[in-house]
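What follows is one structure encoded as C-alpha cells, with my remarks underneath.
The values are calculated or read from the model by the stated rules, or taken from the named source; none is laboratory data. What you are looking at is a predicted structure, and each value in this text was computed from that prediction instead of being measured. Quick reminder, even Gly has a Cβ in these numbers, built from the backbone with ideal geometry, and neighbours come from all protein chains shown. SASA here: full protein model, heavy atoms, side chains in, ligands and nucleic acids out. Shrake-Rupley method; radii C 1.70, N 1.55, O 1.52, S 1.80 Å.
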Amino acid sequence: MTRVFSGIKPTGHLTLGNYLGAMRQWGAVDQHQADSLFCIVDLHGMTVDHDPARLRRLTRQAATLLLAAGLDPELCTVFVQSHVDEHTRLSYLMECVATDGEMRRMIQYKEKVASEGARGRSVRLSLLTYPALMAADILAYGADEVPVGDDQAQHVELTRDLAVRFNQRYGHTFVVPKATVPKVAARVMNLQDPTSKMGKSDDSGAGIVYLLDEPDVIRKKIVRAVTDSGREVVYVREEQPGVANLLEILAACTGGNPESLGIVHDSYGALKQATAEAVLDMLSPVQARHKELCADPGYVEGVLRHGAEKARAIARPIVDTAYRAIGLLPPGAFSGAAAAEPALNAVR
Ligand code: AQP
C-alpha cells in the first residue's frame, strides 16, 4: 500500500491556503487510499522567532483543526513531530549528506533571509537546516508520496536528492518519495497582494483568510480583495493575478475550473460574492466540528498520544537501519556481531 506523509507547521493560525493546498486532500483522498501519516511539525515552528506558550497553543489548535477538517484517527495517523525522537535523530544524518549550498538555494530560506535582512535582523541557523529536518520527517516513514502545496515542492525535491545520495553511498535504505500537488489552488495568494503567497505567519491579516475567522470577517476579506485594473473576469494569472486567485479559490471550493468560472461571472463584484459564499460553505462544517472538539481536549490528546506510538513504531527501525548503514556503532555491538569485525589494528 502506498504510504503518504505530510506535515503542517504551527507558526500561525492555519489559513485557507493550508486547507486548499494540503489539508483538504489529506482528509478527502489520502487517508482513504493510502497508509497516511499527518504531523504537526512543531520543531519547524522554532525556525523563526517564537513564543513558547504560543507555540504550544498553536500546536494544539493545529491538531484540533486537522481532526475538524476530516482526518479520522481510525484511518490515518495524526501526531506531533517532537513526540517522536526519530525525526531529530535522522535529521543530523541528513545534514551529513546535504551540502550547505543546497540549503542556501531553497527559495523559502532566501525569501525569509531577504525580508529579515531588510529589517536589519538575522535568521536562525535552524531556518537554513530546516529542509534536512523535513527530509528526515519524510524518509523516516518510508513515504512514497508527500501531498503538499506548491511552495513545498522544492523541499520534497531536495528530500529525493538526499535519499538517492544516501542510498548510493551507504546502501539502499530509503524510499525515494515524490510530491503530489493539487491541480487547482496549489498556491493560494494573499488577497491584498496577489503576487505573494497567502502565508500564515505574514503580518498583514487583511489578505489572509484564517480557517477560524468569523464568517463576517471572511466575507469582508474576500469582498475587499485586490482585483486588477481591467473589468473582464478572465483567468490569466500573469496579467490579472487578483482575479485569477479568486477564480482558483472558487474553483477549488466548488470543484469547477477557473477558466469556465470566469465566463460565468460577469463582474468582479459577482465573482467576489460567489467566492465568499463558496468559502463559507466549505469552512462552516470545519468550524462547527472544531468547536465541538475544543470542548473535548482529552480526545485530541488521546489521538496524538496514540498517533505518536504508531509513528514511532514505523520510524524507529528505518532510522536504526540508517544509523547502521552510515557507520554508527550500534549499542551493544561489542558482543555478538562485533566478532565479525576486522581486528582493531586493521581499522584505518
Ligand atoms: N498559500 C498556500 N497555498 C497552497 N498551499 C499552501 N500551503 C501553505 N500555504 C499555502 C501548504 O500547506 C501545507 C502546510 O504548510 P506549512 O505549515 O508546513 O508551511 P508553509 O508552506 O511555509 O506555510 P505557510 O502558511 O506559508 O507558513 P509560514 O507563513 O509560517 O511560512 C504545505 O503543504 C504547504 O505547501
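What do you reckon, is Gly17 in a helix (DSSP H, G or I) and near the ligand (Cβ under 9 Å from one of its atoms)? Judged against the criteria, Gly17 is a match.
Against the conditions (1) at pLDDT below 95; (2) in a helix (DSSP H, G or I); (3) not aliphatic (A, V, I, L, M), Thr227 satisfies every one except (2). Exactly one residue out of Leu71, Leu90, Leu43, Leu58 is closer than 20 Å to Ala308 by Cα, of a type in the set (A, V, I, L, M) and away from the ligand (no atom under 16 Å from the Cβ): that is Leu90. Would the stretch 93-101 turn up any residue that is closer than 22 Å to Ile40 by Cβ, surrounded by 14 or more Cβ atoms within 10 Å (Cβ to Cβ), within 17 Å of the chain's Cα centre (by Cα) and in contact (Cβ under 8 Å) with a residue 12 or more places away in the chain? The answer is no, given that none of the residues of the stretch 93-101 is closer than 22 Å to Ile40 by Cβ, surrounded by 14 or more Cβ atoms within 10 Å (Cβ to Cβ), within 17 Å of the chain's Cα centre (by Cα) and in contact (Cβ under 8 Å) with a residue 12 or more places away in the chain.
Looking only at the stretch 1-14, how many residues end up being within 8 Å of the ligand (Cβ to nearest atom), open to solvent by 10 Å² or more (accessible area, probe 1.4 Å) and either over 25 Å from Glu214 (Cα atoms) or among the small types (Gly, Ala, Ser) (or both)? Here the count works out to 1. The condition of being more than 17 Å from the chain's Cα centre (by Cα), among the aliphatic types (A, V, I, L, M) and under 30 Å from Val29 (Cβ atoms) holds for only one of Leu71, Leu58, Leu66, Leu75, that being Leu75. Residues in the stretch 195-210 that are more than 11 Å from the ligand (Cβ to nearest atom) and part of a loop (DSSP other than H, G, I, E, B): Thr195, Ser204.
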